[in-house]
Amino acid sequence: MTAATENPPAEAAHIGVLLVNLGTPDAPTPAALRRYLAEFLSDPDVVTLPRLLWWPVLHGLVLRTRPARSAAAYRRIWTDQGSPLLHHTRAIALALETELESQLAVPVTVATGMRYGEPSLAHAIAELLAVVPTQVVVLPLYPQYARATTGSTLKRLSLLKAGTSMLAVGHAVRDYHDHPAYIAALAASVRAHWQRHGRGRKLLVSFHGIPQRVADRGDPYPVQCAATARLLTEALGLADSDWQLVYQSRFGRARWLAPYALETLHALAAGGTRSVDVICPGFPADCLETLEEIALRYADAFRAAGGETLHYIPALNTDAAHIRALAQLVRARLDSPDPEKPVLSAR
């Protein structure tokens with residue numbers, strides 16, 4: 001039992017956690033995707049092109065053509081529970097709430113908010129306001145910090161806080177790309193997968209890409225991705241020849257972070273590699289990019305190029321080690337808050 005559990009702070013009558021994920025459309029339809037993509041791709045932290053250049057492209061081309069294609073991709077993975085990302089994120093929230101209440105012995109409310117789409121960040125804040133928490137931790141489910149994800153989320157929250165009467169100070173987890181418990185959970189998931197399904201010839205550690213120009217301006221994302229990959233493969237005891245860092249989900253014609261996952265799979269298949277495993281440590285909850293892009297589309301492409309088997313190693317989702325790692329992140333912010341970086345301020 002830790003000191004925090006034995007002697008919880010007197011003011012910690014109710015802990016609030018704002019669990020944030022990127023977002024998802026309401027339905028796998030072109031209309032729903034058009035609404036979602038319009039919000040997502042209008043964010044200047046996501047698309048950094050000048051508005052005068054981007055706006056005609058977005059409204060004249062992208063929002064006319066991409067919603068139908070994206071809807072078709074979502075239909076391949078849509079479930080009876082709806083969007084996989086939303087379903088898994090809500091399940092993570094429930095499991096984290098239970099874990100924290102067990103550890104802290106005080107009431108805990110974990111509210112789910114999406115940066116884009118529903119439930120919105122404003123909706124999640126309202127849920128927390130209703131229980132009047134004495135402390136709030138903001139936990140974006142982005143292990144690696146990027147301007148387009150964590151940065152955009154914290155900026156949005158800083159605007160929303162002005163309209164709240166939160167009787168607490170919010171403290172944000174800005175990244176956890178090298179947190180030992182997170183790395184251990186990832187490594188354990190790979191070992192468990194290998195035990196059940198056997199080990200592929202190569203392990204690809206795949207992250208969502210960002211434009212190279214954004215990285216060149218100092219975004220820490222690629223450095224943190226590389227650190228996560230290195231720590232994970234060291235924990236697994238892999239030689240350099242056993243694995244490779246790649247980036248997926250490229251959009252547009254600009255140069256993005258490389259090597260590209262799809263091109264790497266083509267090259268591996270052409271070189272005689274017949275089996276690969278792919279893990280995506282930047283996605284704590286399974287979503288379109290893991291379930292459709294990697295597990296279905298890239299697997300088909302690998303086989304078409306001459307490979308035989310691509311095994312996608314599922315996201316951590318509600319794995320017990322993952323939930324304990326997230327609980328550690330929350331408790332660290334409760335124990336050592338940074339008053340210089342408030343997200344939800346007392347009013």
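Quick notes on this one:
- Between amide H atoms placed 1.01 Å from N, distances below 5 Å from D286 occur with A315, N317, all of them 5 or more places distant or on a separate chain.
- When peptides 205-212, 311-318 are sorted by average Cβ neighbour count within 10 Å, with the highest value leading, the order is 205-212, 311-318.
- Highest-MSF residue in the chain out of D319, D240, D175 [GNM, Cα springs under 10 Å]: D240
- Ellipticity at 222 nm from helices only: DSSP H runs of n ≥ 4 in the chain, each -39500 (n - 2.57), divided by the residue count, give -13500 deg cm²/dmol.
- When each full DSSP H helix of the chain is screened for a Cα extent of at least 24 Å along its own axis and an average Kyte-Doolittle hydropathy of at least -0.5, the helices passing are 84-104, 180-197.
- Annotation: for a label point projected 7 angstrom from Cα along Cα→Cβ of R69, residues of the range 241-255 with backbone N closer than 12 Å are 250-253.
- Rounded to two decimals, the Cα radius of gyration of the range 205-303 over 2.2 N^0.38 Å is 1.07.
- Distribution of pairwise C-alpha distances over the range 1-149, 5 Å bins, in %: 2, 9, 15, 17, 16, 14, 10, 7, 5, 3, 2, 1
- Rounded percent of accessible protein surface that carbon and sulfur make up, the chain, 1.4 Å probe: 55
- Which of H322, H14 is most accessible, then next, and so on - probe 1.4 Å: H14, H322
- Descending by average beta-carbon neighbour count within 10 Å, the peptides 281-289, 77-85 line up as 281-289, 77-85, the highest first.
The values are calculated or read from the model by the stated rules, or taken from the named source; none is laboratory data. Keep in mind that what you see is a predicted model, and the values were worked out from it rather than measured. Every residue, glycine among them, receives a Cβ derived from its backbone with ideal geometry; neighbour counts consider all protein chains shown. The protein model used for the area step is the full one, side chains on, heavy atoms only, and it has no ligands, DNA or RNA in it. Shrake-Rupley method; radii C 1.70, N 1.55, O 1.52, S 1.80 Å.
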